[in-house]
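Read the structure below first, then the notes.
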Amino acid sequence: MNKIILKSGREKALLRRHPWVFSGAIAHVEGDPGMGETVGICDSRGKFLACGAYSPQSQIRVRVWGWEADEEVDAAFLRKRLQNAIALRTGWRPETEDQGAVRLIHAESDQLPGLIVDRYNDTLVMQILSAGAERWRDTLADLLLELTGVAHIYERSDVEVRKLEGLPARVGPIRGDEPPELEIEENGLLFKVDVRGGHKTGFYLDQRINRARVRELAAGKEVLDCFSYTGGFALNALAGGAGHVTALDVSADALALAEANCARNNLPAEKITYLEGDVFHALRKFRDQARSFDLIILDPPKFAPSAAQVKQAARGYKDINLLAFKLLRPRGILVTFSCSGGISAELFQKIVAGAALDAGLHFRVLEQLHQSPDHPIALNFPEGAYLK
Ligand code: SAH
C-alpha cells in the first residue's frame, strides 16, 4: 500500500478521528497512488494512523476509510459499512414511520466518505462525491442491490463538488432500468419524486421532521413557503389546517409537481396559490404591497457550499430574513434554514439576529431545528451538521 506521510504536528485532527487530510498537512507521498486508491496515512515518524482514499486533485487529499492497521478496503469491508448504516436506519425509525423514503447512506457520517444513497421505495439514488467512492462505484452498486433488494439504482452524480475531485458529471441507471415515476409517502402525505430531473437525488429528505413541525404550527394561519420546491412545507401547512398558503419558487417545474402533489393528497386547492418568482424580488414586492403573513418558511438552496462564498452568502441570508421579519404579523413565526456547509450554526444565528435588529422588533428563538435523523452527524465530523 502506498503511504502518505504527514508533516510533524499535523496528525492532531486524525487523532480525534476527523476523516479528512488536507493537502497542506502532507509532507510527502510514498509511491504513486492513483485516483481513489487506498493509501496508508502515517505521522511524521511513520506511525500508522488510518487508511483512506487518495484524491490527487482535491484539497481534501485523503478521506479516511478506517482506523485499523490490519483492515483492508475491499468488498467485505464496504459490505460491513453499508450493512451497519442500513441497520441503523431501521433501528432508529419508529415502526409507524414510512420506511419507503429514507437516506440510507450519509457519506462521512456513516464512515463511507463521498457516498450518498437515498431510498425511494424500490429505487435507490446514488450520488458519488469523492474519488474513493468513485473507484468502488460498481462494488458499492452490487452490494447495495444485494443488501436492499431494490430493483433500480439510479446515479445522480451531477453536483459541482465532483469538479473539485476531478470527476466528470454522470447521470443514469447503474443497475436495473430507468426508474419509474416515483411516489413516496412522508408523514402520511404522498409526493411525486423526479429522480432524473429533480434537485439533488429528487427530494429533500433532510427536512422530514421540520415539515411535520410546520404542520403542527399552521392551523388557521396565512402561510408563505419560500423556496417551496415540490411543496414539502406548503402541503404540510395545508394538511395542518392553514387558512391559506402561498408556495413561492423560481422553478415552474417544481411548482407544477407541488400542484400535482396537492391534488394527489386531496388537499384544498382553493387554499393554495403557486407563485413563480425570485424570492429576493417577491419578498420586496410583498413589502411594497403591504402584504403580511402569520407563518413564513425560508428554505433556500445552499448559498455557501464552501468557505469561499461565505461573505456573499451571509448578505443573501440577511436580506431574505430581514424582508421576512418585516412581512410577519404580530406573534408571527419565521421558520428559517441554512443548509450551507460554509455557514456555521453560530454564524447563522448572528446573521438572523442582525436581520431582527434591522427589522427593529423583538424576536425570540422558540426552537432550534436540525436535519432528520437519517442524516446523522458523526461526533468526529461536525461538518455533517449542515442543516440549521
Ligand atoms: N423547501 C423545499 C426544498 C427547497 S430546495 C422542500 O421542502 O422540499 C430550494 C428551492 O429553491 C428549489 O426548488 C429552487 O428552485 C428554489 N430557488 C433557488 N433560488 C431561488 C430564488 N432566488 N427564488 C426562488 N426560488 C429559488
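So how do 109-115, 67-73, 355-361, 56-62 stack up, highest first, on mean other-Cβ count within 10 Å? Write out the running numbers ahead of the final one.
On the way: 109-115: 24.3, 67-73: 13.0, 355-361: 14.6, 56-62: 19.6.
Highest mean packing first, the order is 109-115, 56-62, 355-361, 67-73.
Which angle between 0 and 90 degrees, to the nearest 10, do you get for helix 252-264 versus the longest principal axis of the chain when only C-alpha atoms count?
In the chain, helix 252-264 runs at an angle near 70 degrees to the longest axis.
Round to the nearest 10 and give me the degree value, 0 to 90, for the angle of helix 208-217's Cα axis relative to the longest principal axis of the chain.
That helix lies at roughly 20 degrees to the long axis.
Just from its helices, what would the mean residue ellipticity at 222 nm be for the chain, if runs of 4 or more DSSP H residues each count -39500 (n - 2.57) and the sum is divided by every residue, rounded to the nearest 500 deg cm²/dmol? Mind showing how you got there, number by number?
On the way: 11 runs with 117 residues, N = 388.
Rounded to the nearest 500, the figure is -9000 deg cm²/dmol.
Here are some pairs, LYS285/LYS388; LYS7/LYS200; LYS163/LYS192; which of them have Cα atoms lying more than 32 Å apart in this structure? Don't jump to the answer; show the numbers that get you there.
Working: LYS285/LYS388 27 Å; LYS7/LYS200 37 Å; LYS163/LYS192 30 Å.
Checking Cα-Cα distances, LYS7/LYS200 exceed 32 Å.
Determine the distance separating the Cα centre of segment 104-183 from the Cα centre of segment 284-340; give it in Å without decimals.
32 Å
How much length is gained on full extension from GLN309 to ILE26, taking 0.36 nm per residue of separation minus their Cα-Cα distance? If you can, show how the numbers build up before the last one.
On the way: separation 283, 0.36 × 283 = 101.88 nm, distance 2.58 nm.
Separation in residues times 0.36 nm, less the Cα-Cα distance, equals 99.3 nm.
Sorted by average packing, counted as other Cβ atoms within 10 angstrom per residue and highest first, what order do 41-47, 201-207 take? Numbers along the way, then the final one.
Working: 41-47: 14.7, 201-207: 23.7.
The packing order, highest mean first, is 201-207, 41-47.
Bin by bin, in steps of 10 Å, what percent of the Cα pairs in segment 75-161 do you find, going until the bin that has the longest distance?
17, 56, 25, 3
For segment 303-361, compute Rh as the Kirkwood radius over C-alpha pairs and then the Stokes-Einstein diffusion coefficient at 37 °C and 0.692 mPa s; write the answer in µm²/s, rounded to an integer.
281 µm²/s
Over the chain, what per residue volume does the convex hull of the Cα atoms give, in whole Å³?
So the per-residue Cα hull volume is 138 Å³.
Expected output is a single nm value to one decimal: the length gained when fully extending between LEU366 and ASP74, i.e. 0.36 nm times separation in residues minus the C-alpha distance. What is it?
Here the segment from LEU366 to ASP74 would lengthen by 100.4 nm.
Of the options VAL279, ILE343, ILE153, report the single residue whose Cα projects farthest towards the positive end of the charge dipole of the chain (beta-carbon charges: Lys, Arg +1; Asp, Glu -1).
Among VAL279, ILE343, ILE153, the one farthest towards the positive end of the dipole of the chain is ILE343.
Rank by packing, highest mean first: peptides 232-239, 303-310, with packing defined as the count of other Cβ atoms within 10 Å averaged across residues.
232-239, 303-310
What are the ³J(HN,Hα) values, in whole Hz, obtained from phi via the Karplus relation 6.51 cos²θ - 1.76 cosθ + 1.60 with θ = phi - 60°, for each residue of segment 220-237 in sequence order, with x given for Gly and Pro?
Those phi angles translate into x, 9, 8, 10, 10, 9, 8, 6, 6, 6, 8, x, x, 6, 4, 6, 5, 4 Hz.
Based on other C-beta atoms within 10 Å, arrange MET126, MET1 from fewest to most. Spell out each step's value before the answer.
Numbers: MET126 23, MET1 13.
So the residues, fewest neighbours to most, are MET1, MET126.
Assuming R0 = 30 Å, what is the FRET efficiency of THR148 and THR273, from their Cβ-Cβ distance, to the nearest 0.05?
Efficiency for this residue pair is about 0.15.
For ASN2, which sequence-distant residues (separation of 5 or more, or a different chain) have an amide H within less than 5 Å of its own amide H, given hydrogens modelled in the peptide plane?
GLY40
Work out, step by step, the length gained on full extension between ALA87 and ALA169: first 0.36 nm times the residue separation, then minus their alpha carbon distance; give nm to one decimal.
Working: separation 82, 0.36 × 82 = 29.52 nm, distance 3.02 nm.
Stretched fully, the ALA87-ALA169 segment lengthens by 26.5 nm.
Roughly how many debye, to the nearest 20, is the charge dipole of the chain about its Cα centre, given +1 on each Lys and Arg Cβ, -1 on each Asp and Glu Cβ, and no other charges? Provide the component values of the computation, followed by the final result.
Values: 48 positive and 51 negative charges, 325 e Å.
That gives a dipole near 1560 debye.
Give me SER8, SER157, SER228 sorted ascending by neighbouring Cβ count inside 10 Å, so fewest comes first.
Ascending number of Cβ neighbours within 10 Å: SER8, SER157, SER228.
Along the charge dipole of the chain, which of CYS226, PRO168, LEU129 sits closest to the positive end, that is, farthest toward it, with unit charges on the beta carbon of Lys, Arg, Asp and Glu (+1, +1, -1, -1)?
Most positive-ward Cα: CYS226.
Could you check the simple spin-label distance between ASN265 and ASP253, using points 7 Å along Cα→Cβ, in nm with one decimal?
2.2 nm
State the Kirkwood hydrodynamic radius of segment 178-276 in Å, one decimal place, computed from all pairs of distinct Cα atoms.
Answer for segment 178-276: a Kirkwood hydrodynamic radius of 13.2 Å.
Over the chain, what relative contact order in percent results from Cα pairs under 8 Å that are six or more residues apart?
Result for the chain is 11 percent.
Given a Förster radius of 35 Å and the C-beta distance between ARG16 and ARG329 as r, what FRET efficiency does 1/(1 + (r/R0)^6) yield to the nearest 0.05?
That pair, ARG16 with ARG329, gives E of 0.15.
Which aspartates and glutamates, if any, have their Cα less than 18 Å from the Cα of LYS221, not counting same-chain residues under 8 positions apart?
In chain and number order, the partners are GLU270, ASP294.
Based on alpha-carbon positions alone, could you give the equivalent ellipsoid semi-axes of segment 157-228 from the gyration tensor, as √(5λ), descending, whole Å?
31, 17, 9
For LYS318, LYS350, which order do you get if you count the other beta carbons within 10 Å of each Cβ and list the fewest first?
Fewest-to-most Cβ neighbours within 10 Å comes out as LYS350, LYS318.
Laboratory data are not the source of any read-out in this text; all were calculated from the coordinates shown. Keep in mind the model is a prediction, meaning the values are calculated, not measured. Glycine also receives a Cβ, built like all others from the backbone with ideal geometry; neighbour counts cover every protein chain displayed.
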